[in-house]
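Here the structure comes first, spelled out in structure tokens, and everything after it is commentary.
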Amino acid sequence: AAVDLPIPADAPWKGGAKAKVVLQVFSDFQCPFCKRLARPQQDDSAGQTGALDRVATKYGDKIKIVWRDFPLSFHPRAMPAAVLAREAKKQKGNAAFWKAHDELFDATSLEDPALEAIAKRLGLDWGKVGKALAQESWKDAIEADQKAGNGAGVSGTPAVFVNGKLIAGAQSEDVYVKAIDKALAKAK
């Protein structure tokens, strides 16, 4: 059964603004399975990683992909990474969030020096990012995503809802394509 998951007004997204098929991605920047789902990996000769990247390219404006933060408690660098990405959106807009998203998942470290290097590559004001990290500026928004995820049955990451229907774990592209095609057919 589909769950009702209202999208926060300030949630980062890409794709079609008015798309009838919405993928809400509950994810954690330190989670290796989230990384596997989000970004193609160098050691991937079978094409089993980067499923969300590929469906975003395949469907374009027919779908809307919405990011929802779900940093896991045992990933100590997930929250700082989430704050950096949120601050990128605040400073430079939605496209900057997705550039930060890609950089964070492609990074080999999420320690402060690595975050600072990412921020500088993106042209962000590191002073403002550092202040946001120190003050936990985005804590309420991030915790609201976690609460929404918990209420919808998210128990781990990644968790993707396609028009409210949960796909748990880093699944292959085919799983998402089937769910998206079914949702597109139903939306007509």
Tell me which of these GLY16 doesn't satisfy, since it passes every other one: (1) closer than 22 Å to LYS92 by Cα; (2) within 15 Å of the chain's Cα centre (by Cα).
-> (2)
If you go through PHE70, PHE97, PHE105, PHE74, the only one that is of a type outside the set (Ser, Thr, Tyr) and open to solvent by 30 Å² or more (accessible area, probe 1.4 Å) is PHE74
Residue in segment 160-184 that is nearest to LYS35 (Cα to Cα), counting only those that are without any contact (Cβ under 8 Å) to a residue 40 or more places away in the chain and open to solvent by less than 70 Å² (accessible area, probe 1.4 Å) = ALA168
Out of (1) surrounded by 19 or more Cβ atoms within 10 Å (Cβ to Cβ); (2) closer than 21 Å to ILE180 by Cα; (3) not small (Gly, Ala, Ser), what's the single condition that is false for LYS58?
-> (1)
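With respect to ALA85, determine if the residue is in contact with a helix residue (DSSP H, G or I) (Cβ under 9 Å, 6 or more places away or on another chain) and either closer than 15 Å to ALA11 by Cβ or polar (S, T, N, Q) (or both).
yes
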Kindly check whether there is at least one residue in segment 137-149 that is more than 18 Å from the chain's Cα centre (by Cα) and farther than 27 Å from THR57 by Cα.
-> yes
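From PHE105, PHE70, grab the single residue that is touching a Gly at 6+ places or on another chain (Cβ under 6 Å), touching a residue at least 24 places away in the same chain (Cβ under 8 Å) and under 14 Å from CYS34 (Cα atoms). Give the steps one after another, and end with the answer.
On the way: PHE105 fails: touching a Gly at 6+ places or on another chain (Cβ under 6 Å).
Of the residues listed, the single one that is touching a Gly at 6+ places or on another chain (Cβ under 6 Å), touching a residue at least 24 places away in the same chain (Cβ under 8 Å) and under 14 Å from CYS34 (Cα atoms) is PHE70.
Kindly provide the set of residues from segment 78-93 that are touching a Phe, Trp or Tyr at 6+ places or on another chain (Cβ under 8 Å) and open to solvent by 40 Å² or more (accessible area, probe 1.4 Å), ordered by number. Break it down into steps so the answer makes sense when it comes.
Going residue by residue through segment 78-93, those that are touching a Phe, Trp or Tyr at 6+ places or on another chain (Cβ under 8 Å) are 78, 81-83, 85-89.
Within segment 78-93, LYS89 is the sole residue that qualifies.
A quick yes/no check of all residues on (1) part of a loop (DSSP other than H, G, I, E, B); (2) open to solvent by 60 Å² or more (accessible area, probe 1.4 Å); (3) at negative phi; (4) of a type in the set (Asp, Glu):
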{"site": "PRO8", "(1), (2), (3), (4)": "yes, no, yes, no"}
{"site": "VAL25", "(1), (2), (3), (4)": "no, no, yes, no"}
{"site": "ARG36", "(1), (2), (3), (4)": "no, yes, yes, no"}
{"site": "PRO40", "(1), (2), (3), (4)": "yes, yes, yes, no"}
{"site": "LYS64", "(1), (2), (3), (4)": "no, no, yes, no"}
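Would you mention how many residues in segment 153-188 are assigned to a helix (DSSP H, G or I), β-branched (Val, Ile, Thr) and touching a strand residue (DSSP E or B) at 6+ places or on another chain (Cβ under 7 Å)?
Quick first cut of segment 153-188, residues assigned to a helix (DSSP H, G or I) only: 173-187.
With β-branched (Val, Ile, Thr) added as a condition, the list becomes 175, 177, 180.
Those still in the list that are touching a strand residue (DSSP E or B) at 6+ places or on another chain (Cβ under 7 Å) too: 175, 180.
Looking only at that region, the number is 2.
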Please work out which one of (1) touching a Lys or Arg at 6+ places or on another chain (Cβ under 9 Å); (2) aliphatic (A, V, I, L, M); (3) part of a helix (DSSP H, G or I) is the condition LEU110 fails and give its number.
-> (3)
Residues of segment 117-152 classified as surrounded by fewer than 15 Cβ atoms within 10 Å (Cβ to Cβ), part of a loop (DSSP other than H, G, I, E, B) and at pLDDT 95 or above, total | 2
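The values are calculated or read from the model by the stated rules, or taken from the named source; none is laboratory data. In this text, all values refer to a predicted model and were calculated from it rather than measured experimentally. Virtual Cβ from ideal backbone geometry, glycine too; neighbours counted across all protein chains shown. For the accessible areas, the whole protein counts, side chains as well, though only heavy atoms, and no ligand, DNA or RNA atoms are used. Shrake-Rupley method; radii C 1.70, N 1.55, O 1.52, S 1.80 Å.
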